[in-house]
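The values are calculated or read from the model by the stated rules, or taken from the named source; none is laboratory data. The structure displayed is predicted, hence computed values, not measured ones. Note that each Cβ is placed from the backbone with ideal geometry, even for glycine, and that neighbours are counted across all protein chains shown. Note: areas computed on protein heavy atoms with side chains; ligands, DNA, RNA excluded. Shrake-Rupley method; radii C 1.70, N 1.55, O 1.52, S 1.80 Å.
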Amino acid sequence: AQKADKKPQKTEKTEKKPAAKKEIAPVEPVDLSDAVDADTLAEGTQAAKAVAYLRSVLNAFGCEASKITVSEKPDCTYIMLEGEDLGAVIGHRGETLDALQYLVGLAGNGSGGYYKVSLNIGDYRERREQTLIALAKRMSEQVLRTGKNRTLEPMNPYERRIIHTAVQEIEGVVSNSFGEGGSRRVVISPEGGDPRPQRREGSRNGRGSKDRNRRPSNKVDAPVREPK
């Protein structure tokens, strides 16, 4: 008797659900209610050295803060300035303020070790954060509507983190960082799509057909996720 062919058993196909996005808790504002006037700092401390250097730079700028308060936390020292005509200390998109913050940290770090400083003028940092969150949402909406990647302006690590955190909360889009150093920027793309920056068609530098006919390079930086 011929053996009957064994029919393959039917297996139930389970639909693979897309992995849920990792939720990132919003950054809680730092409690600065313990801030003290900078004039009360003990002489020779890291905070006092940082403030002394800060005042010397303000004098070089030809401006003066009407009030400087300091809040020393275990992981960071927060220095807040108040006063008029301090816009020059902030600079374009806070670039001058960021550079001064770095130098103030070095000045307080005169005895060795790592001394982290957060420098703020009025509520500039808070307003800049809200601007970046609004930018991330607006660009994400454009990506969802057009299906095309959007490349943002170069940003420092702190600002890129704000963008990444905001995009993380929006369904259908993801963010990656490309570039090196001061040219590093965030690219927002559709979820599951190519995260690389899109090449620009033509030339916008006004150099004529020579640049327009130049063959684009095939070299593209690999995406690197920012630490959350």
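Here are the numbers for the structure shown:
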| read-out | value |
| --- | --- |
| Residue identified as in a loop (DSSP other than H, G, I, E, B), aromatic (Phe, Trp, Tyr), touching a residue at least 24 places away in the same chain (Cβ under 8 Å) and closer than 18 Å to residue 38 by Cβ among 115, 78 | 115 |
| Pairs with Cβ under 6 Å, 6+ apart, first in region 87-107 and farther than 19 Å from residue 160 by Cα, second charged (D, E, K, R) and at pLDDT 90 or above | 107/49 |
| Filtered residues of region 25-68 (kept if assigned to a helix (DSSP H, G or I) and open to solvent by less than 70 Å² (accessible area, probe 1.4 Å)) | 38, 46, 47, 48, 50, 51, 52, 54, 56, 57, 58 |
| Filter result for residue 110 (farther than 29 Å from residue 60 by Cα and touching a residue at least 40 places away in the same chain (Cβ under 8 Å)) | no |
| Of all residues making up region 61-109, the number that are polar (S, T, N, Q) and more than 24 Å from the chain's Cα centre (by Cα) | 3 |
| Count - residues of region 177-191 that are surrounded by fewer than 19 Cβ atoms within 10 Å (Cβ to Cβ) and either assigned to a loop (DSSP other than H, G, I, E, B) or more than 10 Å from the chain's Cα centre (by Cα) (or both) | 9 |
| The lone exception for residue 157 - which of (1) under 12 Å from the mean Cα position of the chain (by Cα); (2) crowded, with 17+ Cβ neighbours inside 10 Å it fails | (2) |
| Scan of region 101-112 for residues that are in a helix (DSSP H, G or I) and touching a Lys or Arg at 6+ places or on another chain (Cβ under 8 Å), ordered by number | 105, 107, 108 |
| Residue satisfying all of: in region 81-94; within 17 Å of residue 55 (Cβ to Cβ) and assigned to a loop (DSSP other than H, G, I, E, B); most open to solvent (accessible area, probe 1.4 Å) among these | 84 |
| Some residue of region 143-161 being outside any helix (DSSP H, G or I), closer than 16 Å to residue 53 by Cα and out of contact with any helix residue (DSSP H, G or I) (no Cβ under 8 Å at 6 or more places or on another chain) | no |
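Yes or no, residue by residue, for (1) among the small types (Gly, Ala, Ser); (2) open to solvent by 70 Å² or more (accessible area, probe 1.4 Å); (3) at pLDDT 95 or above; (4) not in a helix (DSSP H, G or I):
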residue: 120; (1), (2), (3), (4): no, no, yes, yes
residue: 125; (1), (2), (3), (4): no, no, no, no
residue: 132; (1), (2), (3), (4): no, no, yes, no
residue: 140; (1), (2), (3), (4): yes, no, yes, no
residue: 164; (1), (2), (3), (4): no, no, yes, no
residue: 175; (1), (2), (3), (4): yes, no, yes, yes
residue: 198; (1), (2), (3), (4): no, yes, no, yes
